[in-house]
Structures are given as structure tokens and as C-alpha cells.
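Structure first, commentary second.
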Amino acid sequence: NACIEFKNVSFSYQNKKNTIKGLTFNIEAGKKIAIVGPSGAGKSTITKLLYRFYDASSGDILISHKSIKSYSLDSVRKLIAIVPQDTVLFNNSILENVRYGRLSATDKEVNKAIADAQLSDFVNSLPDKLNTQVGERGLKLSGGEKQRVAIARSLLKNTPILIFDEATSSLDSHNEAAIMETLKQVATGHTSLVIAHRLSTIIDADEILYMEKGKIKEQGTHQDLLVKN
Ligand code: ADP
Ligand code: ADP
């Protein structure tokens, strides 16, 4: 059971007015919630609060019914894995880049994560890629491939909660759709939060929250939001 509850959460960065204002929402265990909204709405700040980079200024966040403040940073990171927008890859093989998610993982586990992230096809079609260096800043990989490495790396952590924080925002629409499809599959069995700019990129979510200026403006199914917008 890894449900998440935001209870009237507000947060301000230093010297700034409230970035997040009285945010209340739940993600039930095993469900997928999407948060969409324009740049600056406060979406990534939600991720940072969940990962305890910062603590809420007021209100509380509960994970499995316990205040996030009662978890150590270490235990929060055992519960939550984040797939970020821009992934830092090391000048090493894809296998080692994925293994970085959990250094103690066996080759079998790493290969399973690679398969689940649907990276095997890419790896197999270009056989050198698994073992050759990905190069400075991962330049040898396409944007879509890099995000698959990031997904595999996160899956390897075996956390009950997955957050995709603009994980497709730097991709073209073709790659974005392909990665969203992969996210749909890997999210199964996890409690997940998908953060994106545009509603149109969300292919499945139990509920979508539309945020603007630190507040939830609308909330509902994909259909509900399409009808209203
Ligand atoms: P989004 O992910 O929706 O684009 P963010 O959560 O990144 O929004 O940012 C929300 C607001 O907080 C923006 O106005 C942004 O400039 C501001 N902000 C983000 N990070 C910081 C920071 N480290 N210090 C000060 N302001 C920040
Ligand atoms: P995408 O359209 O998916 O972003 P790219 O045009 O970036 O793809 O890359 C297409 C293919 O070329 C990918 O398989 C990528 O790994 C490979 N590639 C891109 N840049 C380099 C490079 N500097 N050296 C070797 N291979 C590269």
C-alpha cells in the first residue's frame, strides 16, 4: 500500500510568494495520476516535495498514511523513483548506466529492467550500444533512448512509487508517444505520478489534475478535461 495524500500543502521558495498554494489531492495505491499545466505552474516543485528536497511550508504530505516528515531521506528514496526530463548518463555502457539505479543489482535484474523499458530493441538493433561507451553526455544515444535508460534505471530501484517528471518533454512527438506508451506499461503495479506540459500527451491516467500558478484549476478524467478545454 503506497498511497500518497497532499493535504492543503503550500510551499514557497526563499523570497518568493507561494509557489504551491493549498494543494490537496490523493493518489490511491496502484493508481496513476497525471498533473498537467504550463511552465511555472509548480509541477516540478511537487516532485521536489515528494523527494524531500524541500519540506512543505504548511500542510502535510502523507505516504502510506504517514507524514513524509516521519521518513528518513533514505527511506523516501526506497519508496519513490523519479524519471527526470534530462537524464545524466555516464561515459560507460548502457548496462552500467542502468545499473547505476541500484548498484547491487544482478545482471539478470539489469537486463529485465532494460527489457521492461523496451530498450532491448534499440540495444539489439545496434548491438554495439550495450557495450560501447555512451559517450560524453550520452551523445551517442537519441533522446528517446536516453529516456529509456532513465526508465530502466528507475525500474531497477524496485520502488512502489514512480514519478515521471516531464520525462517526455524534450522529445519530438513521435518519441514522446512511444515513451508514453512504455510508461503506461511500466507503471502497472506501481503508484504513479506523470507530470507533463500538455494534456494531449497523457494517454492514460486514472485522474488528471490541471494546475496553474500553484493551484489545481481542474480535476477529472481525460474526457472531463477535454470537454472543458
Ligand atoms: P513547473 O514544473 O510547473 O514548470 P516549477 O515547480 O518548476 O514549475 O516552478 C514553479 C515556480 O517556482 C516558478 O515560478 C519557478 O520559477 C519557481 N522556482 C522553481 N524552482 C525554484 C528555486 N529553486 N528557487 C526559486 N524559485 C523557484
Ligand atoms: P531521435 O530522432 O530518436 O532523437 P537522433 O537523430 O538523435 O534520434 O539519433 C538517431 C540515431 O543516431 C540514434 O540511434 C542515435 O543513437 C544515433 N546517434 C546520434 N548521435 C550520434 C553520435 N554522435 N554518434 C553516434 N551515434 C549517434
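Just one of the listed residues (Ile203, Ile208) is under 19 Å from Ile46 (Cα atoms) and either assigned to a strand (DSSP E or B) or touching a residue at least 12 places away in the same chain (Cβ under 8 Å) (or both), namely Ile208. Would you check if there is a residue in the range 171-183 being part of a helix (DSSP H, G or I) and more than 16 Å from ligand 2 (Cβ to nearest atom)? Checked against the condition, which is being part of a helix (DSSP H, G or I) and more than 16 Å from ligand 2 (Cβ to nearest atom), the range 171-183 yields at least one hit.
Looking across the range 25-39, the residues that are touching a residue at least 60 places away in the same chain (Cβ under 8 Å) and either open to solvent by 20 Å² or more (accessible area, probe 1.4 Å) or polar (S, T, N, Q) (or both) come down to Glu28, Ala29, Gly30, Lys31, Pro38, Ser39. Of all residues in the range 201-229, those satisfying the criterion of being of a type in the set (S, T, N, Q) and out of contact with any Ser or Thr (no Cβ under 9 Å at 6 or more places or on another chain) are Gln219, Thr221, Gln223, Asn229. When the range 23-52 is limited to residues that are part of a loop (DSSP other than H, G, I, E, B) and more than 9 Å from ligand 1 (Cβ to nearest atom), the one that is nearest to the chain's Cα centre (by Cα) turns out to be Tyr51. In the range 140-169, what residues are open to solvent by less than 10 Å² (accessible area, probe 1.4 Å), under 20 Å from Lys78 (Cα atoms) and free of Cβ contacts under 8 Å to residues at least 60 places away in the same chain? Answer for the range 140-169, where residues must be open to solvent by less than 10 Å² (accessible area, probe 1.4 Å), under 20 Å from Lys78 (Cα atoms) and free of Cβ contacts under 8 Å to residues at least 60 places away in the same chain: Ala152, Leu156. Annotation: Thr106 fulfils all but one of (1) more than 16 Å from ligand 1 (Cβ to nearest atom); (2) within 20 Å of the chain's Cα centre (by Cα); the unmet one is (2).
The values are calculated or read from the model by the stated rules, or taken from the named source; none is laboratory data. On a predicted model such as this, the values are computed, not experimentally measured, just so you know. Virtual Cβ from ideal backbone geometry, glycine too; neighbours counted across all protein chains shown. Note: accessible area is taken over every heavy atom of the protein model, side chains too, but ligands, DNA and RNA are not part of it. Shrake-Rupley method; radii C 1.70, N 1.55, O 1.52, S 1.80 Å.
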